[in-house]
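S.K.: Before I ask anything, let me first share the structure, which is written out below as structure tokens.
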Amino acid sequence: MTRATAQSCANIAFIKYWGRRDDDLRLPLNSSISMNLDHATTATTVAFDPALETDQVTIEGAETTEQAARRVSTHLDRIRARADISTRARVVSRNSFPMGAGIASSASAFAALTVAGCAAAGLRVSERDLSILARLGSGSASRSIPAGFVEWHTAKTSANSYAEQIVPPDHWDICDLVVIVQTGHKAVGSSQGNQLVHTSPFATARLAEAERALPVIRAAILRRDFTMFGEETEQEAIRMHAVAMTSRPSLLYWSPATVGIMQAVREKRAAGTEAYFTIDAGANVHVLCQGADAGTLTAELSVLSGVQDVITNQPGPGTQIITAHLF
């Protein structure tokens, strides 16, 4: 039995991945920029065992659904094909944050699965190729492979759609405060939402704006221009959800608590505390702030109506092998 464990961070996108040019290869319509979240992590152990007749998948201490297990096995098949093996595997995975609630749990899950699976199979794979392979399991997993602030390139071919670091985690002292208002699985997953993008009358306009904003946000990160970064990031989140809300069927991820947090962030900004929000496909809100304001904002956000928890994140590392196995 060959075993390895990897730990990966979820990531928050400033330019969103919303819409695909190829569903099977998970090729995005536009390039995106994200930051790894150091306190939203997934640890996954993969052990190839000749005694197994089928893959065994355990998530959060319980056997997973048939659909989820099939998705994991399909991804392991990609790794087995590279390693020229047919051995089944036992997979155990645990998260430090709620799954399926719009905090990119599939990103950290498939990034960790990719790195642990390749290591357990005895493969040596470059960071670029790990990013491409992780993308095939979950598009946003591509961005969780490198460390810090990351850009995922759109392309017409699989070989050219990968993620790479813009700057390392210690480049900028900013925080992402994940304000939790929902811990259960969202009703409509990101994969389904991506497939509906073309049904929105605003999809083309949003795509053009994402392409315009991407170099602006990249430059703001490089210059540590928090105002430009925050303004563009907040607008991009609203544009993405405008497309989701106007797709057919319409997708409404926000809850009343979501809107309350958005309004509170704008009120605090008007009062002099510079903070901005972004939201992925879910009800939970990411509040972006500078490090010096994180403590005060966390305390103030925690008491808002509907808020269950606030997870404070700084820019996180890339996916890496760890020594503490889960079994």
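S.K.: Mind listing whichever residues of the range 80-93 are surrounded by fewer than 24 Cβ atoms within 10 Å (Cβ to Cβ) and either out of contact with any Ser or Thr (no Cβ under 7 Å at 6 or more places or on another chain) or among the aliphatic types (A, V, I, L, M) (or both)?
M.R.: Passing the criteria: ALA81, ARG82, ALA83, ASP84, ILE85, SER86, THR87, ARG90, VAL92.
S.K.: Now for a separate question. Taking only the range 240-263 into account, find how many residues are surrounded by fewer than 19 Cβ atoms within 10 Å (Cβ to Cβ), not hydrophobic (A, V, I, L, M, F, W, C) and not in a loop (DSSP other than H, G, I, E, B).
M.R.: Going through the range 240-263 one residue at a time, the tally reaches 3.
S.K.: On to the next question. Kindly indicate whether SER161 is in contact with a helix residue (DSSP H, G or I) (Cβ under 9 Å, 6 or more places away or on another chain), in contact (Cβ under 8 Å) with a residue 60 or more places away in the chain and not assigned by TED's automatic domain parsing to the domain that holds ASP280.
M.R.: Working: in contact with a helix residue (DSSP H, G or I) (Cβ under 9 Å, 6 or more places away or on another chain): yes; in contact (Cβ under 8 Å) with a residue 60 or more places away in the chain: yes; not assigned by TED's automatic domain parsing to the domain that holds ASP280: yes.
Yes: the conditions hold for SER161.
S.K.: Has the range 56-63 got at least one residue that is surrounded by 21 or more Cβ atoms within 10 Å (Cβ to Cβ) and in contact (Cβ under 8 Å) with a residue 12 or more places away in the chain? Break it down into steps so the answer makes sense when it comes.
M.R.: So in the range 56-63, the residues surrounded by 21 or more Cβ atoms within 10 Å (Cβ to Cβ) come out as 57, 59.
With in contact (Cβ under 8 Å) with a residue 12 or more places away in the chain added as a condition, the list becomes 57, 59.
Yes - at least one qualifying residue is present in the range 56-63.
S.K.: Next up: Residues in the range 286-327 that are in contact (Cβ under 8 Å) with a residue 12 or more places away in the chain and assigned to a loop (DSSP other than H, G, I, E, B): how many?
M.R.: Going through the range 286-327 one residue at a time, the tally reaches 15.
S.K.: Now for a separate question. Give the residue that is farthest from SER144 (Cα to Cα), with candidates limited to residues of the range 35-64 that are in a strand (DSSP E or B) and among the hydroxyl-bearing types (Ser, Thr, Tyr). Quick ask: steps written out before the conclusion?
M.R.: Step one: list which residues in the range 35-64 are in a strand (DSSP E or B), which gives 35-48, 56-59, 62-63.
Those still in the list that are among the hydroxyl-bearing types (Ser, Thr, Tyr) too: 41-42, 44-45, 58.
On the way: THR41: 10, THR42: 11, THR44: 14, THR45: 17, THR58: 21 Å.
Going through the qualifying residues, I end up with THR58.
S.K.: Turning to a different aspect of this structure: Hey, does the range 178-193 have a residue that's in a helix (DSSP H, G or I), in contact with a Leu (Cβ under 9 Å, 6 or more places away or on another chain), touching a residue at least 60 places away in the same chain (Cβ under 8 Å) and within 23 Å of ALA244 (Cα to Cα)? Steps first, please.
M.R.: We begin by selecting, within the range 178-193, every residue in a helix (DSSP H, G or I); these are 190-193.
Next cut, in contact with a Leu (Cβ under 9 Å, 6 or more places away or on another chain) only: 192-193.
If we keep only those that are touching a residue at least 60 places away in the same chain (Cβ under 8 Å) too, we end up with 193.
Checking the rest, the ones that are also within 23 Å of ALA244 (Cα to Cα) come to 193.
Yes: the range 178-193 contains one or more residues that are in a helix (DSSP H, G or I), in contact with a Leu (Cβ under 9 Å, 6 or more places away or on another chain), touching a residue at least 60 places away in the same chain (Cβ under 8 Å) and within 23 Å of ALA244 (Cα to Cα).
S.K.: I would also like to ask the following. Any chance the range 106-113 includes a residue that's modelled with pLDDT under 95 and either crowded, with 17+ Cβ neighbours inside 10 Å or in the same structural domain as HIS241 (by TED's automatic domain parsing) (or both)? First the steps, then the outcome.
M.R.: In the first step, residues of the range 106-113 are kept if they are modelled with pLDDT under 95; the result is 106.
Going one step further and asking which of them are either crowded, with 17+ Cβ neighbours inside 10 Å or in the same structural domain as HIS241 (by TED's automatic domain parsing) (or both), we end up with 106.
Yes, some residue in the range 106-113 is modelled with pLDDT under 95 and either crowded, with 17+ Cβ neighbours inside 10 Å or in the same structural domain as HIS241 (by TED's automatic domain parsing) (or both).
The values are calculated or read from the model by the stated rules, or taken from the named source; none is laboratory data. It should be emphasised that the depicted structure is a prediction, and the values quoted were computed from it without experimental measurement. Note that each Cβ is placed from the backbone with ideal geometry, even for glycine, and that neighbours are counted across all protein chains shown.
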